[in-house]
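Taking it in order: structure first as structure tokens, then the write-up.
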Amino acid sequence: MMKLKIIFLSCFVSISLVSCIQEEALNAEADILECIVSKDILKAEPLVENDRVSLRVHSDIDLTQQAPEFILTAGAKIVPASGTVRDFTNPQTYQVTSQDGNWKKNYTVSYITSQLSTNYNFENYRIDNNAFYVFYEMDQNNIHNMDWATGNIGFSFTGVAKSPDEYPTIPSKNGKTGGCVQMQTKSTGSFGVMVKKPIAAGTIYIGSLDLTEIQNNPRKAIKLGFPFEHQPLLLKGFYKYEAGPVYTDMGQTVDHVTDTWDAYAIFYETDNATKVLDGTNKFTHPNIVSIAQIDIKGKKPTANWTEFNIPFVVRNGKTVDLQKLKEGKYNLSVLFTSSIDGDDFKGAVGSTLYIDNVEVIYDSN
């Protein structure tokens, strides 16, 4: 995550002379902004996150002779140098040093050839930025396969959370079996009031969060899906849910409305014009093939682990092109949230959703 820089320039004005001279400071940022590799090897656009770069590539490429190139923040340097040939059979580490030399940051760069996981128990997580939890998946060879996206990084800007456990999406030890993921709708405090975003729902999904969009259009910031090489049939798992006591709309109390949660999965075709869906077109885009979304009868509040089974329903009269499926030109996203309208800042602080033992059942033919 780029450091936010605030530069205060103080100019003193005398009666006889106005003089304000400020030398431009060297850049203190040490970030990878973009990663460039041949489009011929990619199944999805490179994903650059806070301290890692994920490249989803075709399985038939030679991982031992790859030379990714990087665009860095102004004046920064990277070791090994951009374009260095390396063996990416396993993830490789790069170190970026800021222009002023005072900041260093390590990035893990992964070439991912394994297919998207279909069983999710939320047992794997780490703490990023010394601040919030990030859940991730490993493949059958115990190699990092995917990070789950959450709103935690956005919530970090509010200053409300003083520890990782105070963020909206965190691990819980009280799962159906072992651990699970807990999502809770939180107040964004005085910062949220100021920017007219008073709550943050706990959310976890397959995809990424675009921080360049999050302030102007939070829905568009939600990028949904990664390549999936099967046709999904059913989304299943277990949940517990309790709604918060007071429902609000943009911070204003709304009587006689009870919050509820949501679960859905979207399967869609990608093309040159549509690389990824986002929160603005997640249910309406013509490239959507099928959607699995829980209905109101399936998400009653419960303190006990309760099973859900949600079939994928075909949209737009779509059929799957098996050759495109094999080439990784279809994406899948799975999403859970503690407040169904949280992206419109409607919901109840304290609404809490637990999810465990999720599985995507797919056509194996």
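The values are calculated or read from the model by the stated rules, or taken from the named source; none is laboratory data. Quick caveat: nothing in here was measured; it's all calculated off a predicted structure. With ideal geometry, Cβ positions are generated from the backbone for all residues, glycine too; neighbour counts draw on all protein chains shown. Accessible surface areas use protein heavy atoms only, side chains included; no ligands, DNA or RNA. Shrake-Rupley method; radii C 1.70, N 1.55, O 1.52, S 1.80 Å.
Out of Asp356, Asp278, Asp295, one residue alone is charged (D, E, K, R) and without any contact (Cβ under 8 Å) to a residue 40 or more places away in the chain. It is Asp295. Taking into account only those residues within segment 288-307 that are open to solvent by 20 Å² or more (accessible area, probe 1.4 Å) and polar (S, T, N, Q), which is nearest to Asp271 (Cα to Cα)? Looking at residues that are open to solvent by 20 Å² or more (accessible area, probe 1.4 Å) and polar (S, T, N, Q), I get Gln293. Within segment 223-246, if we keep just the residues that are open to solvent by 30 Å² or more (accessible area, probe 1.4 Å) and not in a loop (DSSP other than H, G, I, E, B), the residue that is farthest from Asn357 (Cα to Cα) turns out to be Lys223.
Scanning segment 322-335 for residues that are closer than 16 Å to Asn365 by Cα and of a type in the set (A, V, I, L, M, F, W, C), we see that the one that is surrounded by the most Cβ atoms within 10 Å (Cβ to Cβ) is Leu325. Being of a type outside the set (Asp, Glu) and open to solvent by 50 Å² or more (accessible area, probe 1.4 Å) is a property that Gln92 lacks.
Looking only at segment 46-89, which residues are part of a helix (DSSP H, G or I) and surrounded by fewer than 13 Cβ atoms within 10 Å (Cβ to Cβ)? If you could, list the steps in order and put the result at the bottom.
Of the residues in segment 46-89, the ones part of a helix (DSSP H, G or I) are 63-65.
Those that are part of a helix (DSSP H, G or I) and surrounded by fewer than 13 Cβ atoms within 10 Å (Cβ to Cβ): Thr64, Gln65.
Each residue in segment 339-353 was checked for being in contact (Cβ under 8 Å) with a residue 40 or more places away in the chain and under 18 Å from Ile266 (Cα atoms), and 2 of them qualify. The number of residues in segment 113-126 that are outside any loop (DSSP other than H, G, I, E, B), in contact (Cβ under 8 Å) with a residue 40 or more places away in the chain and open to solvent by 20 Å² or more (accessible area, probe 1.4 Å) comes to 2.
Evaluation of Asp341 against the conditions (1) of a type outside the set (A, V, I, L, M); (2) under 22 Å from Lys240 (Cα atoms); (3) in contact with a Gly (Cβ under 8 Å, 6 or more places away or on another chain); (4) open to solvent by less than 30 Å² (accessible area, probe 1.4 Å) shows that the sole unmet condition is (4).
Every residue, every condition in (1) within 16 Å of the chain's Cα centre (by Cα); (2) acidic (Asp, Glu); (3) closer than 25 Å to Phe70 by Cβ; (4) modelled with pLDDT of 95 or more, yes or no:
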| residue | (1), (2), (3), (4) |
| --- | --- |
| Ile143 | no, no, yes, no |
| Ser187 | no, no, no, yes |
| Gly192 | no, no, no, no |
| Glu213 | yes, yes, yes, no |
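Of the residues contained in segment 252-266, none is found to be at pLDDT 95 or above, out of contact with any Phe, Trp or Tyr (no Cβ under 9 Å at 6 or more places or on another chain) and under 18 Å from Leu116 (Cβ atoms).
Among the criteria (1) touching a strand residue (DSSP E or B) at 6+ places or on another chain (Cβ under 8 Å); (2) of a type in the set (Gly, Ala, Ser); (3) not in a strand (DSSP E or B), the one Gly101 does not fulfil is (1).
Cβ separations smaller than 6 Å between residues 6+ apart or across chains give the following pairs from segment 172-191 residues that are of a type in the set (A, V, I, L, M) to residues that are crowded, with 23+ Cβ neighbours inside 10 Å: Val181/Phe122; Val181/Ile204; Val181/Ile355; Met183/Thr169; Met183/Gly202; Met183/Ser338; Met183/Leu353. Checking Thr319, Thr280 one by one, the residue that is touching a helix residue (DSSP H, G or I) at 6+ places or on another chain (Cβ under 6 Å) and open to solvent by 60 Å² or more (accessible area, probe 1.4 Å) is Thr280 and no other.
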